[in-house]
1. For the stretch 251-276, which positions are within 18 Å of residue 56 (Cα to Cα) and in a strand (DSSP E or B)?
2. Anything in the stretch 57-70 that is over 20 Å from residue 104 (Cα atoms) and either out of contact with any strand residue (DSSP E or B) (no Cβ under 6 Å at 6 or more places or on another chain) or not in a helix (DSSP H, G or I) (or both)? List them, or say none.
3. Cβ-Cβ below 9 Å, separation at least six or inter-chain, first residue in the stretch 186-200 and touching a residue at least 60 places away in the same chain (Cβ under 8 Å) and assigned by TED's automatic domain parsing to the domain that holds residue 242, second surrounded by 15 or more Cβ atoms within 10 Å (Cβ to Cβ) and among the small types (Gly, Ala, Ser): which pairs?
4. How about the stretch 221-231: which of its residues are out of contact with any helix residue (DSSP H, G or I) (no Cβ under 8 Å at 6 or more places or on another chain) and either more than 18 Å from residue 253 (Cα to Cα) or at pLDDT 90 or above (or both)?
5. Just a yes or no: is a residue in the stretch 122-133 of a type in the set (Phe, Trp, Tyr) and at pLDDT 90 or above?
6. Only residues that are without any contact (Cβ under 8 Å) to a residue 40 or more places away in the chain and of a type outside the set (A, V, I, L, M): list them for the stretch 7-35, please.
7. So, residue 218, is that one part of a loop (DSSP other than H, G, I, E, B) and of a type in the set (S, T, N, Q) or not?
8. Pairs under 8 Å by beta carbon, first residue closer than 17 Å to residue 18 by Cα and of a type in the set (Val, Ile, Thr) in the stretch 38-53, partner exposed (fewer than 13 other Cβ atoms within 10 Å of the Cβ) and at pLDDT below 95, six or more apart or different chains?
Amino acid sequence: MPSDRREHLVIGVSSSALFDMEEENRIYRERGLMEYQAYQIDHERDIFKPGIGFRLVKALLNINTLLKGERRIEVIIMSRNIANTSLRIFNSLQYYGLEILRGALVGGANLKPYLYAFNTDLFLSSNENDVREAVGANIAAGLIRFPNGDSDDEIDQIRLGFDISSIRYAPEAELIYQNYGMAAFLEYEKINIQKNVPEGPFAKMFKTVALLQKEFSSEKVPVRTALISSFGSPELPRVIFSLRAWEVRLDEAFYIEESEKDDILKAFGADVSFGG
């Protein structure tokens with residue numbers, strides 16, 4: 001890994017997003033923990049089928065190949081499974097040739113402290129509750145979207161759609177809004193329009209993605225970004241100024257009604273969405 005952490009990303013991905021564990025989850029729900037463990041051990045040599053995030057993880061790891069083997073992306077598997085059921089996961093990683101060398105299997109415990117311990121820059125899951133929980137703990141997290149193509153297709157270009165709320169991190173502005181109302185909040189944003197928003201949990205990810213983008217020609221860049229906001233959002237000008245100062249490249253921007261968000265993300269082809 002590069003010595004400068006600004007230049008690489010540590011990404012945690014949930015095991016249930018990486019692999020298809022629907023049958024195993026059904027057994028756990030219907031028959032309980034003991035039968036679930038027994039099933040996993042009995043099927044230890046069976047390889048998991050790819051899950052909703054499989055193509056995305058392959059594409060993320062492939063960035064290292066495009067950079068001639070320089071490991072700028074590290075993926076860590078994060079699971080609430082117990083160690084006794086972990087062999088099937090690691091057998092599957094080996095079978096698919098995924099270079100995932102670290103993992104946390106926490107036996108049903110909260111993942112939050114381990115996301116901190118692994119210095120995770122970004123946590124990816126297909127479970128909205130997991131994503132909200134991580135963001136609530138000040139950890140950048142994104143929701144893996146449903147595949148836009150055939151599950152066997154490779155992702156040539158990773159597409160990240162982020163809501164303005166994932167960039168704007170201004171606790172003092174929120175306090176002004178809560179204590180003094182919308183008019184005071186709007187005045188605060190107007191006064192501070194050209195001051196960068198404080199760097200929240202997503203700032204590292206945005207900056208590192210921008211550094212990666214600069215290493216490729218526009219025709220071959222492996223990551224494409226889109227900002228999603230309402231046109232009248234009072235935070236919009238300040239966020240745009242901040243992204244510009246951080247040298248974060250916006251490939252696309254959409255100013256929409258909230259009800260249009262899912263359709264826009266689908267049209268953009270988002271593999272991951274952040275915020276909102």
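1. 272, 273, 274
2. 62, 65, 66, 67, 68, 69, 70
3. 200/140; 200/166; 200/170
4. 224
5. yes
6. Result: 20, 22, 23, 24, 25, 26, 28, 29, 30, 31, 32, 35.
7. For residue 218, the condition - part of a loop (DSSP other than H, G, I, E, B) and of a type in the set (S, T, N, Q) - is met.
8. Correct list of pairs: 52/146.
The values are calculated or read from the model by the stated rules, or taken from the named source; none is laboratory data. It should be emphasised that the depicted structure is a prediction, and the values quoted were computed from it without experimental measurement. In this analysis, Cβ positions are derived from the backbone assuming ideal geometry, glycine residues included, and neighbour counts consider all displayed protein chains.
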